[in-house]
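Chemist: One structure, as structure tokens, below. Some questions next.
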Amino acid sequence: MSKTPLLDAVKTPADLRQLPEQDLQQLAAELRTEMIDAVSVTGGHLGAGLGVVELTVALHWVFDTPRDRLIWDVGHQAYPHKILTGRRDRIRTLRQPEGLSGFTRRAESEYDPFGAGHSSTSISAGLGMAVARDLNGANNNVVAVIGDGAMSAGMAYEAMNNAGARNERLIVILNDNDMSIAPPTGAMSSYLARITSSGTYLYMRDIAKQLARKLPKSWERRAARVEEYTRHLWQGGAWFEELGFYYIGPIDGHDLNHLLPVLKNVRDANQGPILVHVVTKKGKGYGPAEASDDKYHGVSKFNVITGAQVKAPSNAPSYTKVFAESLIGEARKDKSVVAVTAAMPSGTGLDLFGAEFPDRTFDVGIAEQHAVTFAAGLAVEGLKPFCAIYSTFLQRAYDQVVHDVAVQNLPVRFAIDRAGLVGADGATHAGSFDIGYLGALPNFVIMAPADEAELKHMVATSAAIDDRPSAVRYPRGDGVGVDMPAEGEVLEIGKGRIVREGTTVALLSLGTRLAEAVKAAEQLAGYGLSTTVADARFAKPLDTALIEKLAKDHEVLVTIEEGAVGGFGSFVLHHLAGAGLLDGGLKVRTMVLPDEFIEHGKPEAMYADAGLDASGIVETVFGALGRERLAGEGGDRA
């Protein structure tokens with residue numbers, strides 16, 4: 001093993017492949033240290049990446065990337081991959097404005113053949129690449145690395161079923177860092193994994209199968225069962241074999257002496273789809289992460305020595321915590337209240353709910369489609385299910401929302417976390433579209449709180465709605481610091497509120513841009529523009545009486561929302577047009593997120609860039625009036 005540093009000489013995987021095998025363990029150690037140091041500066045997903053350091057080194061050493069396609073499912077585990085693929089000099093810009101994405105991204109590197117923000121897509125994408133390879137007459141390898149958590153999603157099994165039936169040459173690495181299967185530690189397990197992945201074994205197995213086909217059918221079936229059961233007696237994996245994959249493992253994902261020969265055998269095998277079961281440990285090699293319950297899955301900036309995370313102080317609770325505590329309050333009063341999450345108990349706050357009501361909390365895994373229909377089944381039997389899913393993840397279950405909930409008019413309550421822009425996680429995690437895609441559904445109730453107190457009221461309101469589906473959308477991050485009520489108040493469905501009276505301009509806000517609308521009204525007052533500010537509260541059903549009053553009593557009406565075009569503003573315009581209120585000179589403007597995917601950054605800076613801050617609102621009003629905002633005038637005075 002070399003005593004001189006190795007990582008500095010590895011600019012690309014081609015450099016890595018020049019290293020002798022005995023130096024790879026040292027390189028892995030240096031790579032782990034580099035990753036810890038980088039994430040301590042930027043924050044991000046730490047535990048999963050630490051768990052795949054040796055696997056990453058082994059894959060890039062064995063396979064000819066980028067010619068061989070290496071697909072990382074989700075992307076949480078891809079930080080070591082980024083360091084080894086020409087991005088080390090930018091790794092400390094991870095998740096920062098204008099910096100590297102926290103996920104794999106095609107536009108970022110040729111070593112990222114497929115972008116990944118959500119889980120369970122890698123096998124489907126890999127199969128598509130393998131089929132295209134064969135149609136194009138190429139001979140490169142396609143390798144998909146998928147975590148055991150991602151294997152809980154139906155999409156992964158749909159892909160495996162298709163791959164097993166088609167029989168293209170495809171390699172799937174199952175990165176098992178949470179299953180109950182213990183990592184093999186003995187020489188026998190290592191020997192078996194190496195032998196059963198070898199060309200000789202695969203050749204003999206194929207010969208045996210061909211011979212069995214020439215025997216009478218009853219004998220063929222018996223021979224196949226003997227071969228299958230004998231191997232599974234030692235190894236397991238029968239389920240994957242039934243799907244048509246050749247199963248190898250489990251093997252220790254931190255032992256390069258185990259990994260390298262197996263990966264080389266798999267690379268060289270003339271075989272259909274192969275699944276290599278690799279057992280790793282989240283947070284491997286960093287004590288604070290190994291000791292943490294969540295293995296430092298996602299972290300803010302932290303002290304490398306102590307592991308202590310640096311978090312900005314706040315005088316307000318997070319919206320996620322307010323939702324959880326409000327739901328707990330409702331559940332204490334009503335035993336029919338239950339909660340469903342899709343592998344995000346801490347992200348949605350349902351870990352707090354589950355601590356008090358473990359028998360009424362259901363984590364169904366990364367299976368949003370199942371989560372929604374499961375919640376529908378709970379509602380059929382008279383329970384009050386709250387289905388807590390991030391806005392961007394709920395998109396994966398839209399068919400179930402339509403057919404299993406909305407068409408049947410079942411009172412499933414959707415708690416939609418991470419609505420709007422989400423900061424460092426970027427476009428793949430932004431909750432931009434839920435107002436539009438839920439608002440298209442008949443009889444849905446859609447609410448958006450302006451602050452944390454309003455969220456508490458809306459949780460109570462959702463609990464009281466028992467005749468139709470409903471949703472509450474709220475952002476990531478902390479509230480605005482308002483006084484919290486002791487109890488949530490059940491709001492009148494479809495009724496907004498006036499928070500400031502004016503005569504010329506009306507600002508109608510849905511959601512947490514209300515504070516910016518109030519600031520804008522104060523600035524507009526400095527220009528002599530009397531401004532009404534209203535909180536819509538409901539995107540559906542609309543408060544049509546409020547909207548018509550604002551339209552009739554003001555010269556300008558501006559709607560403001562943290563969502564894409566086609567949402568609340570479109571609903572308001574549709575109503576105004578139908579009511580004939582656009583024919584009398586009313587100037588209407590709808591303020592939404594830009595019609596583009598917005599990259600990661602600081603949330604407030606992102607909203608400012610999108611024009612959804614006080615300054616942007618003022619500029620929109622002036623544009624509607626056909627006036628220019630002059631520097632030093634009104635609200636610009638020091």
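The values are calculated or read from the model by the stated rules, or taken from the named source; none is laboratory data. Please read these numbers as outputs of a predicted model, since none were measured by experiment. With ideal geometry, Cβ positions are generated from the backbone for all residues, glycine too; neighbour counts draw on all protein chains shown.
Chemist: Which condition breaks for G585 when tested against (1) modelled with pLDDT under 95; (2) not in a loop (DSSP other than H, G, I, E, B)?
Modeler: In the conditions (1) modelled with pLDDT under 95; (2) not in a loop (DSSP other than H, G, I, E, B), G585 misses (2) alone.
Chemist: OK, next. Going by the structure shown, is A551 more than 14 Å from A624 (Cβ to Cβ) and in the same structural domain as A517 (by TED's automatic domain parsing)?
Modeler: Answer is no for this residue.
This table checks each residue for (1) at pLDDT 95 or above; (2) closer than 30 Å to V422 by Cβ; (3) buried (at least 21 other Cβ atoms within 10 Å of the Cβ).
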site: K281; (1), (2), (3): no, yes, no
site: E290; (1), (2), (3): no, yes, no
site: K295; (1), (2), (3): no, yes, yes
site: S326; (1), (2), (3): yes, yes, yes
site: A339; (1), (2), (3): yes, yes, yes
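Chemist: Of all residues in the stretch 37-59, which are closer than 15 Å to R88 by Cα and either crowded, with 24+ Cβ neighbours inside 10 Å or free of Cβ contacts under 8 Å to residues at least 40 places away in the same chain (or both)?
Modeler: Answer for the stretch 37-59, where residues must be closer than 15 Å to R88 by Cα and either crowded, with 24+ Cβ neighbours inside 10 Å or free of Cβ contacts under 8 Å to residues at least 40 places away in the same chain (or both): V39, G49, V53, T56, V57.
Chemist: Taking the stretch 58-100, which residues are closer than 23 Å to D15 by Cβ and polar (S, T, N, Q)?
Modeler: T65, Q77, T85, T93, listed by residue number.
Chemist: Please determine whether any residue of the stretch 283-295 is hydroxyl-bearing (S, T, Y), under 30 Å from F245 (Cβ atoms) and under 24 Å from the mean Cα position of the chain (by Cα).
Modeler: Taking every residue of the stretch 283-295 in turn, none turns out to be hydroxyl-bearing (S, T, Y), under 30 Å from F245 (Cβ atoms) and under 24 Å from the mean Cα position of the chain (by Cα).
Chemist: Looking at A29, A48, A38, which one is assigned by TED's automatic domain parsing to the domain that holds H254, more than 24 Å from the chain's Cα centre (by Cα) and of a type outside the set (K, R)?
Modeler: None of the others qualify; the one that does is A29.
Chemist: While we're here: I want to confirm something. Restricting to the stretch 430-445 and keeping residues that are in a helix (DSSP H, G or I) and either in contact with a Leu (Cβ under 9 Å, 6 or more places away or on another chain) or not assigned by TED's automatic domain parsing to the domain that holds R468 (or both), which single residue is surrounded by the fewest Cβ atoms within 10 Å (Cβ to Cβ)?
Modeler: So the residue we want is Y437.
Chemist: What are the residues in the stretch 67-123 that are among the hydrophobic types (A, V, I, L, M, F, W, C), touching a Leu at 6+ places or on another chain (Cβ under 7 Å), in contact (Cβ under 8 Å) with a residue 24 or more places away in the chain and not in a helix (DSSP H, G or I), if any?
Modeler: Hits for the stretch 67-123 are L70, L94.
Chemist: Quick one: D64 ticks every box in (1) part of a helix (DSSP H, G or I); (2) among the acidic types (D, E); (3) in contact (Cβ under 8 Å) with a residue 40 or more places away in the chain; (4) out of contact with any Gly (no Cβ under 9 Å at 6 or more places or on another chain) bar one, so which box is it?
Modeler: (1)
Chemist: With respect to I547, determine if the residue is in a helix (DSSP H, G or I), at pLDDT 95 or above and not hydroxyl-bearing (S, T, Y).
Modeler: Yes.
Chemist: Restricting attention to the stretch 550-578, which residues are assigned to a helix (DSSP H, G or I) and either under 35 Å from the mean Cα position of the chain (by Cα) or touching a residue at least 60 places away in the same chain (Cβ under 8 Å) (or both)?
Modeler: Listed by number, the residues that qualify are F568, G569, S570, F571, V572, L573, H574, H575.
Chemist: Quick check on the stretch 595-615: of everything there that is more than 19 Å from L100 (Cβ to Cβ) and either aromatic (F, W, Y) or touching a strand residue (DSSP E or B) at 6+ places or on another chain (Cβ under 7 Å) (or both), which residue is surrounded by the most Cβ atoms within 10 Å (Cβ to Cβ)?
Modeler: For the stretch 595-615, the residue satisfying everything is L612.
Chemist: With respect to the numbered conditions (1) on the phi < 0 side of the Ramachandran plot; (2) in contact with a Ser or Thr (Cβ under 9 Å, 6 or more places away or on another chain); (3) of a type outside the set (A, V, I, L, M), which one is the sole condition not fulfilled by D467?
Modeler: Status for D467: all satisfied but (2).
Chemist: Among the residues of the stretch 565-587, which ones are surrounded by fewer than 22 Cβ atoms within 10 Å (Cβ to Cβ), of a type in the set (A, V, I, L, M, F, W, C) and within 24 Å of V518 (Cα to Cα)?
Modeler: V565, L573, L576, L586
Chemist: Just one of the numbered conditions (1) surrounded by fewer than 16 Cβ atoms within 10 Å (Cβ to Cβ); (2) assigned by TED's automatic domain parsing to the domain that holds D23 is not true of V276; which one?
Modeler: Only one criterion is unmet by V276, namely (1).
Chemist: So which of A125, A156, A138 is over 21 Å from the mean Cα position of the chain (by Cα), hydrophobic (A, V, I, L, M, F, W, C) and over 25 Å from R32 (Cα atoms)?
Modeler: A138
Chemist: While we're on this one: Scan the stretch 373-385 and report the pairs whose first residue is in contact (Cβ under 8 Å) with a residue 12 or more places away in the chain and whose second residue is part of a helix (DSSP H, G or I), with Cβ atoms within less than 7 Å and a gap of 6+ or a chain change.
Modeler: T373/Q400; T373/D404; A376/D404; A376/V405; K384/A463; P385/A375; P385/L378; P385/A379
Chemist: Out of Q400, Q369, Q395, which single residue is polar (S, T, N, Q) and either free of Cβ contacts under 8 Å to residues at least 40 places away in the same chain or under 17 Å from S462 (Cβ atoms) (or both)?
Modeler: From the options Q400, Q369, Q395, the qualifying one is Q400.
Chemist: Now for a different question. State all residues of the stretch 501-518 that are surrounded by fewer than 21 Cβ atoms within 10 Å (Cβ to Cβ), in contact with a helix residue (DSSP H, G or I) (Cβ under 9 Å, 6 or more places away or on another chain) and under 15 Å from I547 (Cα atoms); if no residue qualifies, say none.
Modeler: Result: G502, T503, T504.
Chemist: Filtering the stretch 78-121 down to residues that are surrounded by 22 or more Cβ atoms within 10 Å (Cβ to Cβ), under 19 Å from the mean Cα position of the chain (by Cα) and at pLDDT 90 or above, which residue is farthest from V143 (Cα to Cα)?
Modeler: Among them, the one singled out is Y79.
Chemist: If I465 satisfies every condition in (1) surrounded by fewer than 24 Cβ atoms within 10 Å (Cβ to Cβ); (2) in contact with a helix residue (DSSP H, G or I) (Cβ under 8 Å, 6 or more places away or on another chain) but one, which is the exception?
Modeler: In the conditions (1) surrounded by fewer than 24 Cβ atoms within 10 Å (Cβ to Cβ); (2) in contact with a helix residue (DSSP H, G or I) (Cβ under 8 Å, 6 or more places away or on another chain), I465 misses (2) alone.
Chemist: Find the helices (runs of 4 or more DSSP H) located wholly in the stretch 208-271 whose residues include 2 or more that are touching a strand residue (DSSP E or B) at 6+ places or on another chain (Cβ under 6 Å) and either on the phi > 0 side of the Ramachandran plot or modelled with pLDDT of 85 or more (or both), and list them.
Modeler: Correct list: 238-242, 256-268.
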